[in-house]
Structure formats: C-alpha cells, structure tokens
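Below: the structure, in structure tokens.
Throughout, read-outs are computed from the coordinates displayed, never taken from laboratory work. These numbers come from a predicted model, not from an experiment. Note that we place each Cβ from the backbone using ideal geometry, even for glycine, and neighbour counts take in every protein chain shown.
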C-alpha cells in the first residue's frame, strides 16, 4: 500500500486539524481527543484504501497512542489549577486498568465492524447526553462507592480501550451526574486518560504486529505517520483548552460537539448496514 503525494498532503493536513481539535476538546470539555481522532482516522483510512477489517483497529490504536502526550500536557495544566482529585484517581485507577486490559484483549480478537459498532453506539449515547441533559442533572449525591465504583471504573476502562478514547468522554458525565464538580471531573479524567492510553497502545501494537494490509509506517495497529501529525499539535493546543475550561461557559460548544458526534455515529451505522 502506498500514498501518492496529493493523498499524503491531504492526509497530513486533516490530521493536523484533528490534532488541534482533539487537544482543545481534551482540555475544554474533558471528552478526550480520541472521540475526534477516531472518526477522522476511520474515514481517512477508508479513503486511501485501507481494508475494512484493519482501518478501525488502526484508528483506535493510533488514537490511543496520540492520547499519551496530550494527557501528560493536559494533566500538568490541570494540576497547576488543583483540578486533579488524587484520592479519587488512586481509588479508580486499578479498576480502570483492569477494564483497559479486558477491552484491549477483546479489541484484538473481534472484527473491525464490532469496534465500529461499539464506537457508534457509545458516541450516539454521549451525543444525546450532551445535547439533552444539563450539568445540573444528577443521578446520585456522590461518586459510586464499593462494588459499584469498581464496576463503573472497569466499564469505563473497557469501552475506552475499545473505542480509542481517553476516558473523559465517559468519566466526566458519570462524575458530574454524581454531584461531582465539573472542573475537577475534567482534570481527574485527564489523568485517568493516561492510565487508559499507555496499556491500550501497547496492546494494539502487539495485536497488529506482522499483519498485512496496514499502511506504511505502521507499528502494529498504530500509524506512526498519524501519530507524528496529531500528537505535537494536540500537545500544544491542550493547555489552551484547559484555560478555556476555567474561563467560558461551554454549553453552546457542548451542543455543537453533540451534533458532530451524532452525525459521526449515524454515518458509522450507515456504513455497517450497507
């Protein structure tokens, strides 16, 4: 598989833009840059002719790899504002890691269509949540405790690994609906994103080693070209998003992003059914 110069240039430009959006959204909404990167990569890889069974795995693996540097920068920004709950982080981390292990194993053995379906379902659920619920919506007066805490954290880790997202997409709304301050939810989810991304990336690298039909410059299911295009821009833009999170009301942006997610989800459903 090879790139012609025009395809390579377009590929690089779109990836740079995706990295910019991913970094800002990671800091601003705590949704994790992967929720932007995965659908962009999924469609770009299809345009350049990557096989159906490979492109979703490659999109997820590359997204997880790009989240590692973005999370580090985002964590530093939130730590300066005392927005990371270390106690909750230590309590959730082992369960999230167990979920990541399960999700990575499942992702390595299922077909690409299954990963696409998982992403489409969860993305649509997140879009509906962002569009039709407010930050005042509450399911509980406190974060999950005991067995429910372990189950919640493990489920977040499992689906995040299978979707190629940093965890904020699921962690932030879960914590906010449990009467947890939004800004500390965003900061803490950034730290959990690193716990998800590192083992998830390793798993996708191992699962894809030696397999055919991958683009050039791929390490397992991680596109090194995609990583080089996305990571630097997302690292630079993540602090901007973190600053904006403490300065503006993100409600209108939430609605716009919900629309993007809904369209992305429906497009993936259409692809699965046709």
Practice item. Determine the relative contact order of the range 5-273: mean sequence separation of Cα pairs under 8 Å and six or more apart, normalised by residue count, in whole percent. Key: 37
Practice item. Describe numerically, in nm with one decimal, the distance between label points set 7 Å from Cα along Cα→Cβ at residue 82 and at residue 145. Key: 2.5
Review point. Over the range 71-123, what number does the Rg to Rh ratio reach, with both radii from the alpha-carbon atoms and Rh per Kirkwood?
Key: 1.14
**Study point:** Approximate spin-label separation residue 72-residue 206, in nm, with each point projected 7 Å along Cα-to-Cβ
**Key:** 2.2
Study note, to complete from the structure: For the range 190-257, the Cα convex hull volume per residue in Å³ comes to 121
Exercise for review: Once you have the Cα-Cα distance between residue 93 and residue 138, take 0.36 nm times their residue separation minus that, and quote the gain in nm to one decimal.
Suggested key: 13.8 nm
Review point. Per residue, what volume in Å³ does the Cα convex hull of the range 49-191 take up?
Key: 113
Point to revise | Simple label model, 7 Å out from Cα along Cβ direction - residue 236 to residue 13, nm | key: 1.7
Check your understanding: Working out 0.36 nm times the residue gap between residue 179 and residue 243, then minus their Cα-Cα distance, what length gain in nm do you get to one decimal?
Key -> 20.8 nm
Check your understanding: Summing -39500 (n - 2.57) over the DSSP H runs of n ≥ 4 in the chain and dividing by its residue number, what mean residue ellipticity at 222 nm do you reach, to the nearest 500 deg cm²/dmol?
Key -> -26500 deg cm²/dmol
Practice item. Set the Förster radius R0 to 22 Å, insert the Cβ-Cβ distance between residue 259 and residue 114 as r into 1/(1 + (r/R0)^6), and round the FRET efficiency to 0.05. Key: 0.30
Practice item. Using only the alpha-carbon atoms of the chain, report the extent along each of the three principal axes, biggest first, to the nearest angstrom. Key: 53, 36, 34
Check your understanding: Helix 52-80 versus the longest principal axis of the chain: what angle, 0 to 90°, nearest 10, using Cα atoms?
Key -> 40
